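A quick write-up on the structure given underneath.
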Amino acid sequence: MPSRIDGPLKVTGRAKYGADNVVPGTVHGYVVVSTIAHGEITAMDVTAARNAPGVIAVYTPLEPLVMQPVQMPMFGGEWWVPLQDKEVIYHGQPIGFVVAETFEQARDAAMTIEVTYAERPAATSIEDGMDTAEMAPVPPRNAPPEITALAEGVESIEDALAASPVVVEGTYSTATQHHVAMEPHSAVAVWDADGLTVYTGNQAAMFPAAQLAQALGVEEARVRVVNPFVGGAFGGKAFASAPAFLAAAAARDLDRPVKSALTREQVFTATAGRAGTIQKVALGAERDGTLIAVRHDSWSSTGLDRAFTEPTSHSTSPEWYATQNLAVTQRRVPLNVPPVTFMRAPGEAPGSFALESAMDELAIELDMDPIELRLRNNSTGPSGHDLKWSSKYLDECYRIGADRFGWASRSPGGREDGDWLVGMGMATAMFPAGRFPTTIRITFRDDDTAEVATGGADPGTGLLTVMGLIGAESLDIGPDQVKPLLGDSVLPPGGMSGGSTATASVSSAIMIAAAQAIDELTALATSAGAPFEGQEVSYEDGRVVAGGRSMTFGELLRATNRMSISATGSSAPGEETTKHSFSSFGAQFVEVRVHKWTREARVSRMLGVFDAGRIINEKVARSQIMGGMIWGISAALHESLDIEANGRFANADLAGYLVPVNADIPEVDVHFVQYPDTLHNPSGAKGVGEIGVVGMAAAVANAIYNATGIRVRHIPIMIEDLLD
C-alpha cells in the first residue's frame with residue numbers, strides 16, 4: 001500500500017506550516033487575554049507597553065483595529081471578531097494585540113499592560129447553570145431541539161416507559177475537552193498590490209478567506225489563504241482564528257507583514273473546544289430485549305455567544321437503534337467560558353458514551369449478551385424517516401469483532417489475573433456519511449505528469465495521498481505521475497476537511513474532472529493539425545490511441561505545442577439524499593485491567609471493526625481509525641478541562657491537561673469490512689476520520705464494569721471512582 005505523499009516532508013522537517021513562512025520585514029503580534037470571566041473593560045494602561053523596546057503598535061478595544069462583523073449563517077449567524085467591544089464574557093478572551101520587532105519583545109511588552117474591569121458575577125459550572133438552560137437548535141442543519149415519535153395510541157414517552165417490562169435509567173456526564181492540535185493557531189499576514197495573503201493552518205481555505213474579506217471590508221477575490229500543511233485541526237481550525245483576524249488587520253494598518261501565534265495556554269482559551277455535557281437516558285424494553293421506548297435528554301455547555309450546541313442526543317438515539325417510541329431533547333447552558341465548537345465526532349462522541357453505557361446496563365438487567373441486544377434492535381434507517389441506510393454491514397462488524405477479540409470467553413463477572421481484575425466491554429460506533437460540494441481541476445502537463453488540485457485542506461488525514469491514488473486510477477496513470485495540490489484559496493473550492501467528508505467529496509469530484517480532462521485531451525488529439533486529426537481515438541494507460549499507434553499525453557501536448565491542458569469537475573450531494581440515509585458503522589471492543597489494590601485502570605487490548613464503504617488507502621485509513629480510538633481512550637481515562645469558579649482553566653497546558661502517552665496505549669487492532677457504497681458517491685468511500693472515537697469511551701466504561709462491578713456514568717473515569 002502506498003505511503004503518504006507528504007510523509008518524507010513531515011518527518012524531515014521540510015513541510016512548511018503557517019508560522020514557518022518568513023517574509024522580509026515581518027513583525028510579531030502577541031495576543032493579550034482577559035483575566036476575568038465576566039465584566040467590562042473600563043481602562044487599559046498601555047503606556048509602558050508602547051514605550052517598551054521594539055514595540056511598534058498596541059491595539060485594544062479602546063483603540064481598536066478597524067474590522068466589521070462577520071456573517072456566517074451556515075455556522076451560527078454572526079462570528080465574533082476580536083477587539084471590537086469592551087465586553088468580557090470569558091477568562092482568556094483576546095482583549096489586546098501588541099506588535100513588536102520580535103516575538104519576545106511583543107510578549108514582554110504585553111505583560112506590562114494594566115487592565116481595569118467592572119467585574120460582574122460569572123457562571124462557570126454546567127451543573128450550577130442547569131436552571132438557565134434553554135432549548136437550542138441543533139447543528140449543523142439547525143434541527144428542532146425536540147424530536148418525538150410515538151407509536152399509535154401512545155400518549156407520551158413516559159407512558160411508553162411505564163408500559164415497558166424492563167426499564168433502565170441513568171444520568172451521564174462528559175467533561176469539557178479541547179482539540180490540543182500540535183500546531184498552535186497562527187497566521188502570517190502580508191498585503192501587496194493584489195490584496196491580502198494569509199498563511200494559516202485551517203481546514204478549508206475558502207472559509208477563512210471569506211471571513212477575513214468580510215471583516216476587512218475587501219472583495220473576497222483580494223484575499224488569499226494558504227494552508228498546504230496543517231498540524232492537526234479536528235474541528236478547531238475550521239474558520240479564521242483570532243491571530244488571523246488581528247495579524248491581517250494590523251498588517252494593513254502598519255503596512256508591514258505581521259506574524260502572530262498563540263501560546264499553548266492561549267490555545268485553550270482564545271479558541272474553542274468541546275462542550276461539557278449532562279445526559280439523561282431511559283430505555284424501556286421487552287424481556288426479549290426489543291426496545292419499546294428511548295428517551296434521551298441532553299444539556300451542553302456553551303459560551304455566552306451561544307454559537308454552537310453539542311448535538312449529543314440528536315446524533316445518536318434517533319438513528320442507532322430501532323424503537324417503537326422515541327423522545328429526545330437538546331438544551332444548552334450559557335456560561336462564562338470560552339466558545340465551544342465542532343470537535344472530532346461532535347455529538348456522536350459524548351452522545352455515544354451515554355447511549356452505549358445505557359445499552360450495556362440494559363443488557364445486564366436482561367441478562368443478555370450486549371452484542372445480542374444490539375443485533376435485536378438493528379435500525380434500518382433513522383427513526384421517523386422513510387429513508388433507509390444506503391448500506392449497512394454493522395452485524396458483520398459485530399460478528400467479526402467478537403471472533404477476533406475472543407468475546408465468547410467473556411465472563412459476565414470478568415476474571416482475575418493475579419492482582420488485576422480483567423473485563424471486556426464493547427459499544428456500537430456510527431457517524432454520518434456526508435459530502436461537501438467540491439470542485440477539482442485536473443491539468444495534463446507536457447512532462448507526462450497530471451496535477452489534481454482543489455482548495456481543501458489536509459490537516460494530517462492523508463487526503464493528499466488519497467487524491468493521488470484516485471487521480472491515478474481515474475486518469476489511468478501511475479501514482480508517481482500525479483501531483484496533488486491542496487490548501488490554497490485560489491484553487492477551485494474544495495469544501496472542508498471536516499465531518500469525515502473529505503475523501504468522499506474529493507474523490508467523487510476527481511472522477512468527474514478526470515472524465516472531462518480526458519475528453520479535452522482526445523478533442524485536442526483530433527483537432528486540425530494534431531497528430532490524430534480526423535481519427536477516432538481512445539485513451540488508455542495515459543496514452544491516446546488510434547490507428548495502431550499511440551502517444552503519451554505529454555508527447556501529444558509537446559506535439560501540439562501545448563504545455564498543458566486543464567478541465568474542472570464538480571460534485572455535490574444530489575438526488576441520492578432524497579432516496580437514502582448514509583452512515584459509517586463500527587463495533588468497538590476493549591479489554592481493561594483494574595488493579596485490585598491501587599484501582600489503576602489500564603487498557604490492555606482494543607479492536608475496532610468498521611463498515612466505511614471502500615477503503616482507498618488502508619494504511620492512511622487505519623491510521624485515522626487508530627487515532628480516533630486512542631482519542632476515545634483519552635476521553636474515558638484522561639481528558640478534562642478543569643474550570644475554576646472564577647472561569648480560569650486550572651490545567652490549560654500539556655502538563656495538566658492529560659492525554660495518553662505511548663505507555664497508555666497497547667497494540668490497536670483495526671479491521672475494515674469493505675463494501676463500496678456507490679449509492680453514496682461514485683468512489684464508494686465513506687468517512688473514517690471520526691468514527692474511530694465514537695463508542696470507545698463507553699466500551700471502556702463497560703469493560704470497567706465487567707471487571708469491577710462498578711458503574712461509572714461520567715468521564716474521565718478516575719481512580720477514586722473505582723474505590724470500593
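Give the carbon-plus-sulfur fraction of the accessible surface of the chain in %, rounded to a whole number; probe 1.4 Å, heavy atoms of protein chains only.
Carbon and sulfur: 51 percent of the exposed surface of the chain.
Name the trypsin sites (Lys or Arg not before Pro) in the range 84-166 that are in a loop by DSSP and that have at most 13 other C-beta atoms within 10 Å, would you?
On the way: sites: Lys86, Arg107, Arg141; in loops: Lys86, Arg141.
Answer in residue order: Arg141.
If amide hydrogens are placed 1.01 Å from N in the peptide plane, which non-local residues have theirs closer than 5 Å to the one on Gly687?
Here Gly434 satisfy the definition.
Assigning unit charges at the beta carbon (Lys, Arg +1; Asp, Glu -1) and nothing else, what dipole magnitude in debye, to the nearest 20, does the chain show about its Cα centre?
On the way: 53 positive and 86 negative charges, 218 e Å.
For the chain, the charge dipole is close to 1040 debye.
Given the -39500 (n - 2.57) contribution per DSSP H run of 4+ residues, what per-residue ellipticity at 222 nm results for the chain, rounded to the nearest 500 deg cm²/dmol?
Numbers: 16 runs with 172 residues, N = 724.
Helices in the chain give a 222 nm mean residue ellipticity of -7000 deg cm²/dmol.
Listed highest first by mean packing, meaning other Cβ atoms within 10 Å per residue, what order do 682-695, 564-577 come in? Could the numbers behind the result be given before it?
Numbers: 682-695: 28.4, 564-577: 16.0.
Ranked by mean Cβ neighbours within 10 Å, highest first: 682-695, 564-577.
If packing is taken as the mean number of other Cβ atoms within 10 Å per residue, what is the order of 60-70, 459-469, 166-176, highest first?
Values: 60-70: 16.5, 459-469: 25.2, 166-176: 18.5.
Top of the packing list down: 459-469, 166-176, 60-70.
Alpha carbon centre of the range 228-259 versus the range 691-724: separation in Å?
Their Cα centres are 39 Å away from one another.
For the chain, with every protein chain kept in place, what is the accessible area per residue (1.4 Å probe, Å²)? Walk me through the numbers on the way to the answer.
Working: 27310 Å² over 724 residues.
I get 38 Å² per residue for the chain.
Residues with beta-carbon under 14 Å from that of Val180, excluding Val180: net charge, scoring Lys, Arg +1 and Asp, Glu -1?
Values: positive: Lys237, Arg264, Arg274, Arg344; negative: Glu183, Glu265, Glu639, Asp653.
That sum, taken over residues with Cβ under 14 Å, equals 0.
Once phi is turned into θ = phi - 60°, what whole-Hz ³J(HN,Hα) does the Karplus curve with 6.51, -1.76 and 1.60 give for every residue of the range 681-690, x standing for Gly and Pro?
Using θ = phi - 60°, the values come out as 6, x, 7, x, 8, 10, x, 10, x, 10 Hz.
Before anything else, pin down the relative contact order of the chain: Cα pairs under 8 Å, at least 6 apart, normalised by residue count, whole percent.
Numbers: 1911 pairs, mean separation 111.2, N = 724.
Normalised by residue count, the contact order of the chain is 15 percent.
Find the centroid of the Cα atoms in the range 402-456 and in the range 618-656, then give the distance between the two in whole Å.
The distance from the Cα centre of the range 402-456 to that of the range 618-656 comes to 18 Å.
For the range 219-234, just list the computed ³J(HN,Hα) in residue order, Karplus coefficients 6.51, -1.76 and 1.60, θ = phi - 60°, integers in Hz, with x standing in for Gly and Pro.
5, 4, 5, 9, 10, 10, 10, 10, 8, x, 10, 10, x, x, 8, 6
Of Lys237/Lys483; Lys280/Lys619; Lys259/Lys619; Lys596/Lys619; Lys619/Lys686, which ones are farther than 27 Å apart at the Cα? Can you show the working numbers first?
Values: Lys237/Lys483 25 Å; Lys280/Lys619 39 Å; Lys259/Lys619 36 Å; Lys596/Lys619 38 Å; Lys619/Lys686 16 Å.
Distance filter (> 27 Å) returns Lys280/Lys619; Lys259/Lys619; Lys596/Lys619.
What Rg and what Dmax come out for the range 160-300 when only alpha-carbon atoms are used, in angstroms?
Both quantities, over Cα of the range 160-300: 23.0, 74 Å.
Which GluC sites (Glu not before Pro) in the range 628-685 sit in a loop by DSSP (not H, G, I, E or B) and have at most 10 other Cβ atoms within 10 Å of their own Cβ? Show your work: numbers first, answer last.
On the way: sites: Glu639, Glu644, Glu667; in loops: Glu639, Glu644, Glu667.
Those satisfying the criteria are Glu667.
Percent of Cα-Cα pairs per 10 Å bin, from 0 to the last occupied bin, for the chain, please list those.
For the chain, the pair-distance distribution reads 3, 14, 23, 24, 19, 11, 5, 1, 0.
Which far-off residues, 5 or more places away or on another chain, put their amide H under 5 Å from the one on Ile95, with H placed in the peptide plane?
Result for Ile95 returns Val32, Val33, Ser34.
Rounded to the nearest 0.05, what FRET efficiency do Leu254 and Leu375 give with R0 = 51 Å and r taken as the Cβ-Cβ distance? Could you check?
Values: r = 64 Å, r/R0 = 1.26.
Approximately 0.20, to the nearest 0.05.
Rounded to two decimal places and with Rh computed the Kirkwood way over Cα pairs, what is Rg over Rh for the range 309-422?
Numbers: Rg = 17.4 Å, Rh = 16.8 Å.
On the Cα set of the range 309-422, Rg over Rh gives 1.04.
Using the Kyte-Doolittle scale, which helices in the chain average at least 0.5 and also have C-alpha atoms spread 20 Å or more along the helix axis, with helices defined as whole DSSP H runs? Don't jump to the answer; show the numbers that get you there.
Details: long enough: 348-366 (26 Å, 0.35); 502-525 (34 Å, 1.21); 618-637 (28 Å, 0.58).
Taking the DSSP H segments of the chain (at least 20 Å long, mean hydropathy at least 0.5), we get 502-525, 618-637.
Taking amide H atoms as placed 1.01 Å from N in the peptide plane, list the residues 5 or more away in sequence, or in a different chain, whose amide H sits under 5 Å from that of Ser383.
It is Glu319, by chain and number.
Find the relative contact order for the range 559-657 and round it to a whole percent, using C-alpha pairs within less than 8 Å whose residues are 6+ positions apart.
Details: 62 pairs, mean separation 15.5, N = 99.
16 percent.
Restricting attention to the range 204-259, which chymotrypsin sites (Phe, Trp or Tyr not before Pro) occupy a DSSP loop and are surrounded by at most 12 other Cβ atoms within 10 Å? Display every interim value, and only then the final one.
Working: sites: Phe229, Phe234, Phe239, Phe245; in loops: Phe229, Phe234, Phe239.
Those that pass, being in a loop and sparsely packed, number zero.
So in the chain, what percent of DSSP beta bridges are antiparallel if you round to the nearest 5? Intermediate results must be reported in sequence, preceding the final value.
Values: 105 of 136 bridges.
Rounded to the nearest five, the antiparallel share is 75 percent.
Along each principal axis of its Cα atoms, how long is the range 680-724 end to end? Whole angstroms, biggest number first, please.
Result for the range 680-724: principal-axis Cα extents of 55, 17, 12 Å.
Given bins 10 angstrom wide, list per bin the percent of all Cα-Cα distances in the range 24-95, short to long.
In whole percents, the pair-distance histogram is 16, 42, 32, 9, 1.
Return the sequence-ordered ³J(HN,Hα) values of the range 547-557 in whole Hz as given by the Karplus equation 6.51 cos²θ - 1.76 cosθ + 1.60 applied to θ = phi - 60°, using x for Gly and Pro.
x, x, 9, 8, 9, 5, 5, x, 4, 4, 5
If we count every other residue with Cβ under 11 angstrom of Val506's Cβ, Lys/Arg +1 and Asp/Glu -1, where does the sum land?
Values: positive: Arg435; negative: Asp458.
So the environment of Val506 carries a net charge of 0.
The values are calculated or read from the model by the stated rules, or taken from the named source; none is laboratory data. It should be emphasised that the depicted structure is a prediction, and the values quoted were computed from it without experimental measurement. For neighbour counting, all protein chains shown are included, and Cβ atoms are generated from backbone atoms with ideal geometry for every residue, glycine included. We work out accessible area using only protein heavy atoms, side chains counted, and drop any ligands, DNA or RNA first. Shrake-Rupley method; radii C 1.70, N 1.55, O 1.52, S 1.80 Å.
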